[in-house]
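Presented below is the structure to which this report refers.
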Amino acid sequence: MLDQLHARLKNVITPEAWASFAPDIEAIHALKKEKKAVILAHNYMTPEIFHGVADIVGDSLALARQAAALEADVILMAGVHFMAETAKLMNPTRMVLIPDLEAGCSLAESITPEDILALRARYPDVPIVTYVNTSAAVKALCDICCTSGNAKQVVESLGAPRVIMVPDAFLAANTAAQTDVEIIPWQGICLVHERFTPQDVHNYRQTHKGVAIIAHPECPPDVVKASDFAGSTVKMIEWVETHKPEKVVLLTEGSMSDNIAIDHPDLTFIQPCQFCPYMKKITLASIRRALETMTHPIDIPAAIAAPARKAVERMIKVS
Ligand code: 13P
Ligand code: SF4
């Protein structure tokens with residue numbers, strides 16, 4: 001099984017790197033059986049995790065949906081902390097593990113429950129949409145959750161003339177460009193996507209003639225405008241699979257290019273050099289350790305879990 005796997009991944013994993021990964025991959029497969037564990041992995045995981053040990057992969061929305069239906073004893077989130085919290089909200093009776101507590105998110109860290117209470121006091125009649133990239137404590141105080149895959153739909157579902165959208169200023173601006181609903185933003189940013197510039201888009205087009213440029217909606221609006229398509233990580237993948245561009249740049253976390261390139265050897269992926277330091281806390285070694293020691297279990301106090309779950313479930317109904 002390991003030889004077949006390496007044959008599939010050989011274009012992105014060198015034999016030397018593979019030699020260091022193989023023992024952990026083997027051990028993780030055995031631990032999953034022993035502990036009746038399932039590994040959920042976000043599209044930004046490195047290929048040895050994404051293709052080597054994950055059972056279910058996807059964007060934030062898909063992972064939240066899939067977590068709800070899992071019957072495994074243990075759900076391990078190969079992603080960041082808010083994703084593990086969302087899995088716990090969706091499936092509270094399972095043990096949910098995050099392999100490294102430092103796998104945070106610059107967006108989630110940009111807003112606190114106190115900030116939401118201050119927004120409520122300032123705009124008492126305006127509904128609050130929270131991006132899924134927030135803590136459960138923040139979600140608990142908001143009306144509904146959204147992801148980059150359903151932000152417009154969620155905003156419009158409220159039937160309000162204006163809504164507050166936290167915490168991503170760029171997702172708010174990119175959503176505002178697609179709807180008549182007035183959007184009051186918060187000033188959070190994703191430290192990966194904010195680094196892309198319109199000059200980057202221009203340079204890619206000059207250097208790689210005919211290249212398709214696909215952006216994530218956490219990118220600045222002028223980058224999204226200059227791109228050929230914008231959507232959540234799953235929508236970016238779907239776009240590539242439908243349009244099959246000869247050459248493509250995915251303006252998002254760099255590991256995703258490797259992960260899709262493995263399944264599409266006929267397409268050329270020009271990999272951007274932006275990597276998420278939080279996502280990169282999750283490694284084969286940390287996953288193995290988490291399954292061996294059952295760390296770190298996610299625990300959400302009931303008073304927070306109930307309203308936070310409501311915000312996520314409301315979103316899932318809408319999308
Ligand atoms: P999606 O996979 O939902 O598009 O989210 C991207 C992201 O940055 C998650 O942290
Ligand atoms: Fe957060 Fe950006 Fe990293 Fe996603 S890529 S986890 S939004 S910092």
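The values are calculated or read from the model by the stated rules, or taken from the named source; none is laboratory data. The model shown is predicted, which means the values in this text are computed figures rather than measured ones. Note that each Cβ is placed from the backbone with ideal geometry, even for glycine, and that neighbours are counted across all protein chains shown.
Out of curiosity, is Lys225 away from ligand 2 (no atom under 16 Å from the Cβ), basic (Lys, Arg), closer than 30 Å to Val166 by Cα and modelled with pLDDT of 95 or more? Lay out the reasoning, then the answer.
Working: away from ligand 2 (no atom under 16 Å from the Cβ): yes; basic (Lys, Arg): yes; closer than 30 Å to Val166 by Cα: yes; modelled with pLDDT of 95 or more: yes.
Yes, satisfied.
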Could you check Leu119 against (1) out of contact with any Asp or Glu (no Cβ under 6 Å at 6 or more places or on another chain); (2) buried (at least 21 other Cβ atoms within 10 Å of the Cβ); (3) not acidic (Asp, Glu) and say which number it fails? (2)
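Mind listing just one residue for me: the one in the stretch 122-137 that is touching an Asp or Glu at 6+ places or on another chain (Cβ under 6 Å) and free of Cβ contacts under 8 Å to residues at least 40 places away in the same chain and, of those, surrounded by the most Cβ atoms within 10 Å (Cβ to Cβ)?
First, the residues of the stretch 122-137 that are touching an Asp or Glu at 6+ places or on another chain (Cβ under 6 Å): 127-128, 131, 136.
Retained after the next criterion (residues that are free of Cβ contacts under 8 Å to residues at least 40 places away in the same chain): 127-128.
Values: Pro127: 17, Ile128: 21.
Residue satisfying both the conditions and the ranking: Ile128.
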The one condition Arg8 fails out of (1) part of a helix (DSSP H, G or I); (2) under 16 Å from the mean Cα position of the chain (by Cα) is (2)
With within 16 Å of ligand 2 (Cβ to nearest atom), touching a helix residue (DSSP H, G or I) at 6+ places or on another chain (Cβ under 6 Å) and without any contact (Cβ under 8 Å) to a residue 60 or more places away in the chain as the only criterion, which of Pro198, Pro220 stands out? Pro220
For the stretch 221-234, indicate whether the set of residues that are more than 16 Å from ligand 1 (Cβ to nearest atom), surrounded by 14 or more Cβ atoms within 10 Å (Cβ to Cβ) and either in a strand (DSSP E or B) or under 20 Å from the mean Cα position of the chain (by Cα) (or both) is non-empty. yes
Checked pairs for the stretch 278-294, first away from ligand 1 (no atom under 16 Å from the Cβ), second part of a helix (DSSP H, G or I) and of a type in the set (Gly, Ala, Ser), C-beta under 7 Å and 6 or more apart or across chains, list as Arg288/Ala27
Within the stretch 158-176, count every residue that is surrounded by fewer than 18 Cβ atoms within 10 Å (Cβ to Cβ) and in contact (Cβ under 8 Å) with a residue 12 or more places away in the chain. 4
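Take Glu34 and decide whether it is crowded, with 20+ Cβ neighbours inside 10 Å and of a type outside the set (Phe, Trp, Tyr). Break it down into steps so the answer makes sense when it comes.
Numbers: crowded, with 20+ Cβ neighbours inside 10 Å: no; of a type outside the set (Phe, Trp, Tyr): yes.
Spelling it out, it is not the case that Glu34 is crowded, with 20+ Cβ neighbours inside 10 Å and of a type outside the set (Phe, Trp, Tyr).
Among the residues of the stretch 232-239, is any among the small types (Gly, Ala, Ser) and over 18 Å from Arg205 (Cβ atoms)?
Going residue by residue through the stretch 232-239, those that are among the small types (Gly, Ala, Ser) are 232.
Narrowing further to those that are over 18 Å from Arg205 (Cβ atoms): 232.
Taking every residue of the stretch 232-239 in turn, at least one turns out to be among the small types (Gly, Ala, Ser) and over 18 Å from Arg205 (Cβ atoms).
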Mind listing whichever residues of the stretch 103-116 are crowded, with 17+ Cβ neighbours inside 10 Å, part of a loop (DSSP other than H, G, I, E, B) and more than 17 Å from the chain's Cα centre (by Cα)? Ile111
Condition first: among the aromatic types (Phe, Trp, Tyr) and within 22 Å of Gly210 (Cα to Cα). Now tell me which residues in the stretch 252-284 satisfy that. Phe269
